[in-house]
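The values are calculated or read from the model by the stated rules, or taken from the named source; none is laboratory data. Since this is a predicted model, take the numbers as computed values, not measurements. Here the Cβ positions follow ideal geometry from the backbone for every residue, glycine too, while neighbour counts run over all protein chains shown. Keep in mind that these areas ignore ligands, DNA and RNA; they rest on the heavy atoms of the full protein, side chains included. Shrake-Rupley method; radii C 1.70, N 1.55, O 1.52, S 1.80 Å.
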Amino acid sequence: MYNHILISTDGSEVAQKGVDHGLSLASSLKARVTIIMATERFPVYAHAGIAGTYIPGPTEMAQYEAGQKETAERVLAGVKRAAEKLGVQANTVHIPQAYPAEAIVEEAKALDCDLIVMASHGRRGLRKLVLGSQTSEVLASSPVPVLVVR
């Protein structure tokens with residue numbers, strides 16, 4: 001049915017539900033997986049003309065990027081170990097300075113994945129509008145089926 005499953009994670013407890021479900025599915029189908037973690041750019045909020053606007057310097061940017069890389073490596077290594085325990089062939093991919101939804105869809109296309117598995121926080125209403133939803137964006141733009149775990 002599915003031969004190559006892309007599983008996304010951000011390292012959160014909610015995302016872990018998607019990881020666990022995706023690895024279990026891959027194990028039962030004897031599918032291979034790619035586990036992806038996309039980390040976003042440094043959040044810069046600039047307000048033109050307002051005194052006290054903070055713009056990070058090169059040192060802060062480098063520290064942020066190093067921290068994101070370290071976190072991604074730790075999270076992805078843990079997921080890869082879990083996959084190996086289940087006998088699932090797994091590759092990991094960290095995509096830095098990316099919009100997660102875009103990175104997930106582009107990676108699924110590039111790797112010719114036939115399913116994306118991800119978790120959703122299940123936010124609704126104003127919270128969803130304000131906080132956004134990577135899952136909703138993936139659902140709207142994915143060329144392959146998306147399994148959402150709650």
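One line per residue, one yes/no per condition, for (1) touching a helix residue (DSSP H, G or I) at 6+ places or on another chain (Cβ under 8 Å); (2) buried (at least 18 other Cβ atoms within 10 Å of the Cβ); (3) among the aromatic types (F, W, Y):
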residue	(1), (2), (3)
G78	no, no, no
A82	yes, no, no
K85	no, no, no
A90	yes, yes, no
Q97	yes, no, no
A101	yes, yes, no
E106	no, no, no
D114	no, no, no
S120	yes, yes, no
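With the requirement that a residue be charged (D, E, K, R) and open to solvent by less than 80 Å² (accessible area, probe 1.4 Å), what does segment 51-76 give you?
Once the filter is applied, which keeps residues that are charged (D, E, K, R) and open to solvent by less than 80 Å² (accessible area, probe 1.4 Å), segment 51-76 yields E60, E65.
Within segment 91-115, track down each residue that is touching a Ser or Thr at 6+ places or on another chain (Cβ under 7 Å), in a strand (DSSP E or B) and under 14 Å from P145 (Cα atoms).
Scanning segment 91-115 gives no hits.
Any chance segment 56-72 includes a residue that's more than 26 Å from R150 (Cβ to Cβ), modelled with pLDDT under 95 and not in a helix (DSSP H, G or I)?
Yes, because at least one residue in segment 56-72 is more than 26 Å from R150 (Cβ to Cβ), modelled with pLDDT under 95 and not in a helix (DSSP H, G or I).
For residues in segment 122-138 being open to solvent by less than 90 Å² (accessible area, probe 1.4 Å) and not charged (D, E, K, R), which is modelled with the lowest pLDDT?
Only one residue tops the list, namely G132.
Restricting the search to segment 1-14, which residues are outside any loop (DSSP other than H, G, I, E, B) and either modelled with pLDDT of 95 or more or touching an Asp or Glu at 6+ places or on another chain (Cβ under 9 Å) (or both)?
First pass over segment 1-14, keeping only residues outside any loop (DSSP other than H, G, I, E, B): 4-8, 13-14.
Scanning segment 1-14 gives H4, I5, L6, I7, S8.
Considering only residues that are assigned to a helix (DSSP H, G or I) and farther than 16 Å from A77 by Cα, look in segment 23-34 and name the one that is least open to solvent (accessible area, probe 1.4 Å). Full working, then the answer.
First, pick out the residues of segment 23-34 that are assigned to a helix (DSSP H, G or I): 23-29.
Then drop every residue that is not farther than 16 Å from A77 by Cα, which leaves 24-29.
Values: S24: 69, L25: 43, A26: 1, S27: 38, S28: 85, L29: 58 Å².
So, considering only residues that are assigned to a helix (DSSP H, G or I) and farther than 16 Å from A77 by Cα, the one least open to solvent (accessible area, probe 1.4 Å) is A26.
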